[in-house]
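Structure first, commentary second.
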Amino acid sequence: QVKPVESGGGLVQPGGSLRLSCTASESIVSFNAIDWYRQAPGKQRDWVAIITSAGGTNYADSVKGRFTISRDNAQNTVYLQMNSLKPEDTAVYYCRFRSRLYTSWGQGTQVTVSS
């Protein structure tokens, strides 16, 4: 199985931006879809965004208009551009690969939005 490796998290002030990366050790073109999820302390893991193999995208209502998911197949990487960040966006962000044969999760990257 190929596991995602997330990076790019950190501490940012409200209204700021971060770009998360989700990288694979081999080509991502075989995955049917790649999702971003997030989990705040004491809460369930929530779906954030998806990008399909065809390039289609969708977003949770809570991030629509602020977050953008994209992919660079040559770099085997999916990005999550996060703008206008709010304290309620604070969470560990996880990437998930979905293929016909398996689903795999990364270890997550912490995003903290605080002044």
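Below is a table of values for the structure above.
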quantity	calculated
Lysines whose Cα lies under 24 Å from that of K86, excluding same-chain neighbours fewer than 8 positions away	K43, K64
Average accessible surface area per residue within the chain, 1.4 Å rolling probe, Å²	52 Å²
Segment T103-N32, extension gain: residue separation times 0.36 nm, minus the distance between their alpha carbons	24.5 nm
Distance (nanometres) between label positions extended 7 Å along Cα→Cβ at L11 and T52	4.1 nm
Derived scalar couplings ³J(HN,Hα) [the range 9-14; Karplus, 6.51 cos²θ - 1.76 cosθ + 1.60; whole Hz; x for Gly, Pro]	x, x, 9, 9, 7, x
Hz values of 3J(HN,Hα) by residue in the range 37-54 - Karplus curve (6.51, -1.76, 1.60), Gly and Pro given as x	10, 8, 9, 7, x, x, 10, 6, 7, 10, 6, 10, 7, 9, 9, 8, 5, 8
Förster radius 41 Å - calculated FRET efficiency between S115 and A74, Cβ distance, rounded to 0.05	0.65
Calculated P(r) tail over 18 Å for the chain, as whole % of Cα pairs	45 percent
Residue-level accessible surface for Y59, protein heavy atoms, 1.4 Å, Å²	40 Å²
Sparse-neighbourhood loop sites, trypsin sites (Lys or Arg not before Pro) in the range 1-107 - DSSP loop, at most 13 other Cβ within 10 angstrom	K43, K64, R100
Gain on full stretching of the segment that runs from D61 to E88 - 0.36 nm per residue minus C-alpha separation	8.4 nm
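The values are calculated or read from the model by the stated rules, or taken from the named source; none is laboratory data. Remember, predicted model here, so these are calculated numbers, not experimental data. For neighbour counting, all protein chains shown are included, and Cβ atoms are generated from backbone atoms with ideal geometry for every residue, glycine included. Note: accessible area is taken over every heavy atom of the protein model, side chains too, but ligands, DNA and RNA are not part of it. Shrake-Rupley method; radii C 1.70, N 1.55, O 1.52, S 1.80 Å.
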